[in-house]
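Asker: I have a structure I would like to understand better, so I am pasting it below and will then ask my questions one at a time.
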Number of protein chains: 2
Amino acid sequence: MTGEPEPRPAGWLAVVGLGPGDPNWLLPEARDVISRATDVVGYQTYLDMLPPELRQSPRLHGSDNGAELGRARHALALASSGQRVVVVSSGDPGVFAMASAVFEAQSAADAPADWQAIDVHVVPGVTAALATAARVGAPLGHDWCCISLSDNLKPWSIVERWLVGALDADFVLALYNPVSRHRPTRLADAFALIRARRAASTPIVLGRDVGRPGESVRVVPLSEVDLDQCDMRTIIIVGSSTTRFGRGGQSGQRVFTPRWYPSSL
Amino acid sequence: MTGEPEPRPAGWLAVVGLGPGDPNWLLPEARDVISRATDVVGYQTYLDMLPPELRQSPRLHGSDNGAELGRARHALALASSGQRVVVVSSGDPGVFAMASAVFEAQSAADAPADWQAIDVHVVPGVTAALATAARVGAPLGHDWCCISLSDNLKPWSIVERWLVGALDADFVLALYNPVSRHRPTRLADAFALIRARRAASTPIVLGRDVGRPGESVRVVPLSEVDLDQCDMRTIIIVGSSTTRFGRGGQSGQRVFTPRWYPSSL
């Protein structure tokens, strides 16, 4: 075999959801994959969410929020050089998170050929809408949708089109990325559309840092929503015409959407 | 204290998601709560999904599919009599599953007062849409929705209204309960609406028994979908106008929806 190059070690790349943050909501597969990685790439806040025992051995590559495509390219380059690489997201990595960025980078016209050979593995997770819903009952019990209010990667007119379509079709809405420093008035714009299309008594759920230290969950009718209580770490669930406040429990924070739907409203 | 009744032991009720079935996708909290239960109530198929060590100690109350409200009432009655009760669903219990049925039963006008005192706890799980998406890439990377095609609890005209609303707003669609013996032609009706509103090249994902023995996942363009391959255990993901086939990996089954959206299409 003289003169032949050393075979390059087989690298791999997994995109892994950490769930909301509570280790009790971390899938065993996520834990296993991270424990076998040589390198973990992610937004620094999510690296800080890793249980201590998963932070010991791999190299951690933390970066600022945003710049998802750069992070994805970094991970693909590491994997193609033979490293065992995990990209972490909070929640589910396929929902407004890193998985799309990795596939965008891998499928780009100018992507290196050895990136395309990587069989990216995705480990799902509990996305924030499901975690927030669980805290208050079952608001997602009938047809529902996930909408990101971020207009970083699309014009606001497109976000409005989605909101109006979902409201008019009477979906329950789970709103991600509701506000940021760069667009402080957008959430008020969104709620103007919501108030025009939902009764004042519609249950609204505001979940902030659900599954993390300092969690807070509020349930209020639409008429009493205080948008100043929402920030980028808040998930907002907007009920449909059939979503109801429940009567059970001690918290007084029960909301559910029945499985049935009347033939006419 | 003579003459006073024995204090009744404190019962509790938790509605727990098992995820798709693979124990590697079962949350630690779900495992913990089930291990502390005296009684586990559920559709027999889901009881059969429990890891063996979780089936040893509690009494298992299996029942047929359907009859969710009766199962919910049974669980509430057991908890109010002092038992520690878990109701299991596959996936996430709040998504087309048992959590809504439990809150419907608890909030019913004729529900016993002691049912309403029960502080029902919900443990989330990986719902089938997230599991199926993870197997093929990131089809849920932009705004998406969950729609149940079952018309058991609502007229088919309502299902159509939801489908048309979601298609016209250009959501990615995750379709649950696509077909049953009682409504063999409904899926064809749904796909007639889809074909009229999506390009023939739109990626479609058919995931059957994802995360269970015998799993199969197919990715095809809309023009090549064979509805005879779908049954009640299939989840169907319908791409939006921006959903694409990816180029990476060995499986040739890559689908993702980019995070961005053009200002006009």
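Asker: Just round it to a whole percent: the fraction of Cα-Cα distances in segment A:151-198 exceeding 16 Å. If you can, show how the numbers build up before the last one.
Answerer: Numbers: 382 of 1128 pairs.
Result: 34 percent of Cα pairs exceed 16 Å.
Asker: Averaging the inverse of every distinct alpha carbon separation and then flipping it gives the Kirkwood radius. What is it for chain B, in angstrom units? Could you put the intermediate results ahead of the total?
Answerer: On the way: mean 1/r = 0.0499 Å⁻¹.
Taking the inverse mean of 1/r over all distinct Cα pairs, chain B comes out at 20.0 Å.
Asker: Hey, how many Å between the Cα centroid of segment B:94-147 and the Cα centroid of segment B:169-238?
Answerer: After rounding, the separation between the Cα centres reads 22 Å.
Asker: When DSSP beta bridges are limited to those with both residues in the protein assembly as shown, what percentage is antiparallel, rounded to the nearest 5?
Answerer: On the way: 37 of 85 bridges.
Of all bridge pairs located within the protein assembly as shown, approximately 45 percent are antiparallel.
Asker: Using θ = phi - 60° and the Karplus relation 6.51 cos²θ - 1.76 cosθ + 1.60, list the HN-Hα couplings for segment A:252-260 in order, rounded to whole Hz, with x at every Gly or Pro.
Answerer: x, 10, 9, 9, 8, 10, x, 6, 8
Asker: Which loop GluC sites (Glu not before Pro) in segment B:159-265, with loop taken from DSSP, have no more than 13 other Cβ atoms within 10 angstrom of their Cβ?
Answerer: none
Asker: Follow-up. So what are the protein assembly as shown's ellipsoid semi-axes, whole angstrom, largest first, if each one is the square root of 5 times an eigenvalue of the alpha-carbon gyration tensor? List each step's numbers first, then the result.
Answerer: On the way: eigenvalues 258, 149, 114 Å².
Semi-axes, largest first: 36, 27, 24 Å.
Asker: I would also like to ask the following. Antiparallel as a % of all DSSP beta bridges within chain A, to the nearest 5? Display every interim value, and only then the final one.
Answerer: Numbers: 17 of 41 bridges.
If I count the DSSP bridges inside chain A, around 40 percent turn out antiparallel.
Asker: Counting only Cα, what are the radius of gyration and maximum Cα-Cα distance Dmax of segment B:73-167, in Å?
Answerer: 16.9, 48
Asker: In a solvent-free Debye calculation with one equal scatterer on each Cα, what is log10 I(q)/I(0) for segment A:187-236 at q = 0.17, 0.18, 0.29 Å⁻¹, listed in the order of the q values?
Answerer: -0.50, -0.56, -1.16
Asker: Another question, if that's okay. How large is the direction-averaged shadow of the alpha-carbon convex hull of segment A:1-135, in nm²? Intermediate results must be reported in sequence, preceding the final value.
Answerer: On the way: hull surface 37.1 nm².
That works out to 9.3 nm², a quarter of the Cα hull's surface.
Asker: Reported to two decimal places, what Rg/Rh ratio describes segment A:175-265 when computed on Cα atoms with Rh from the Kirkwood expression?
Answerer: On the way: Rg = 14.0 Å, Rh = 14.2 Å.
Reported Rg/Rh, Kirkwood definition of Rh: 0.99.
A short reminder: the numbers here are calculations on the coordinates, not readings from a lab. Small disclaimer: the values here were computed from a predicted structure and weren't measured. Backbone-built Cβ (ideal geometry, glycine too); neighbour counts: all protein chains shown.
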